[in-house]
Structure formats: structure tokens, C-alpha cells
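Below is one structure, written out as C-alpha cells; the observations come after it.
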Amino acid sequence: NRFSEFHMDGTSAFHPGGNFRVAWDMMGLFFLSIDALMLPLSLAFDMQMSTDNPGGVLLTIFFWFGFVYWCSDIPANFNTAVYRQGRIVETRRLIAYHYLRTWFFFDLGLITLDLISVSTEWSAAGDLATLRSLRVIRALRLLRLLKVSKLKTIIQEMVASTGRSGVVFMLAILNTAILIMFMIHVMTCVWYGIGRGSISSGQISWIDISMATDVSTFTQYMHSLRYVINAPSPPLVAPDNLIELSADTLANILGLIVLGSAVSKISQALADMRANSESDDRQRREIRLYLNSQNAPFELVS
């Protein structure tokens, strides 16, 4: 049974396409989305886990819920059957061997990074060297987003199993749209981080030019977002700030590459949908012609 679940006698494991694993993987996709949103923000705006402000509270809640999930994901993977040469394998030894050879050490390393991150944050206490180490650790935690490729494959297989090609093509378009929004979010956070770096080095930054130094964090984010998405209109930067000028140029080049790739993927998906629809229409016409040639009743032909 494709939707068979874990039995308490310990003789079988979760089916990789079962109800539990589908719900579990969807939860993992949710926490990955939170990481994709919060980690760039925490790096750019120096957000810390705390109870003093809404951003810190959200960061704390999502971190600990995510930490519990990723810790639980390891035993869940040790109890999930795998496919081997087209056949499903439920033997615990083979499941463990497969997991150890693929994602185990990656998952364990990221959990270790989470522990180091939270312990470093608690002991930072304003120490500059410790805060720099914390930024590096947070940046390394972005490696968890590599697991999106695993979950993306699972979702595509689930959608393909429905047999509805339109849903598959719409999923491809949705994936491209999400990728564009993620890249815009990352570029926004990077642009703001570059602006803060310019201020720290004593240069005039785009933040100063926009008079956004003393506004709220959300308003600063919106200013940075405006700078990112307003291309090809050149943003206002200081004429002697080489770092911001270079970053702006690279951001425009990267934006053109991402946008061109996205347009290509969406165009291909639409072309595939059109070709699939034309194929269905052609098959229906051929069936009608055959039934007409056989003098079939009108009700059957229609």
C-alpha cells in the first residue's frame, strides 16, 4: 500500500510517499522558507534572539521550533523506507546505510551549527569578535537551503503522480516565481548590509542619501528593496563609494541573469502546456474521425 504507515512492531518503516512523510516534508519546507526569510534579515540587520522587540521574538520562536523539527528529522529519516533500483527497501540496516551515505552528516553538521549559533549569541555580550563569528555561523546555516532540492524532488514526484500535466507546469512556474522573490529578498538584505558597512567605514552611504538612518527597520528594508527593484534607473550613491557602485553593478548583472533564466523557464513551461493541450485536442479529433467513419451514434462521438 503506497500510503502504509509505521507499525509499532518495528518491522516496517514509514513509506516515503505515505501520509506521515508528506505532512512531515511539508513542515520541513515551511521551516526552510522561514530560514530563507529570516537568516538574510538577521545577517543584514543584526537581529538577535530576544524578547525585547517583535523581530527578536519571532526569530527566537522560529529558531527553537525549527531546531526541534530538524533534530526530530534525523530519527524520522532512519525510519523512512527508501527506493533502491526501483524497489522499496524497508530493512532498517539498508535504510541506515543509505541515510548515512547521503544526508546524515549534512543534517548533523547543521544541527551542530545551530547549537554553536545559539551558544555564541548568548555569550556575545557586545564582544565584537564574537559578533563577527556569529555572523559567519549564521551565514553557514544558509547551507540548510540545499535541502530544498530534496524536498523539491519529492513534491514534483507527488504532483506527477496525480497525472495532471497542467498542475506540473503550474508548479514549475510557481517554483520560478518563488526563486525570483527569494533572490530579490537576498539582494535587498545584501544591499542594506553594504550600506551599513559603508557607514561603519566612515563613507557616505545610500542610507545617508536616502535619509533612512534613523527610521524603523521595516522602512529601511523598503528603502533597500526600492534600490534593488528600481533598475535600470541608477540608484543614488556617493560618487566616491566604490563598494556601493560595484555592488550595484553586480546586482544589476545578477538581476538580468536571474530574470532571463526565469523568463526562459516560464516560456518553456507555457510552451509545454500548449503542446500538451494540442496533443490532447489532436487525439480527440482522431477519435471523433474514427467513430464517424464507423457510423457510431452521435452521442458517442460527441
**Estimated FRET transfer efficiency (residue 143, residue 100; beta-carbon r; R0 22 Å; 0.05)** = 0.70
**Message:** Quick check for you: with a 1.4 Å probe and neighbouring chains kept, what is the accessible area per residue of the range 44-84, in Å²?
**Reply:** 50
**Fill in**
Expressed as a percent, the accessible surface of the range 167-263 that is carbon or sulfur, using a 1.4 Å probe and the full set of protein chains, is 75
**Request:** Could you order peptides 38-49, 247-258, 82-93 by the average number of other Cβ atoms within 10 Å of their residues, highest first?
**Result:** 38-49, 247-258, 82-93
**Request:** Determine the principal axes of the Cα atoms in the range 3-106, then give the extent along each, sorted from largest to smallest and rounded to whole angstroms.
**Result:** 50, 25, 19
**Asked** At a Förster distance of 35 Å, what's the computed FRET efficiency of residue 257 paired with residue 90, Cβ-Cβ distance as r, to 0.05?
**Response** 0.20
**Prompt:** Ignoring ligands, DNA and RNA, what accessible area per residue does the range 195-272 give at 1.4 Å, in Å²?
**Reply:** 62
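The values are calculated or read from the model by the stated rules, or taken from the named source; none is laboratory data. Because the structure is a prediction, the values reported are computed rather than measured. Cβ coordinates were reconstructed from backbone atoms using ideal geometry, including for glycine residues, and neighbour counts include every protein chain displayed. The area values use the complete protein model at the heavy-atom level, side chains included, leaving out ligands, DNA and RNA. Shrake-Rupley method; radii C 1.70, N 1.55, O 1.52, S 1.80 Å.
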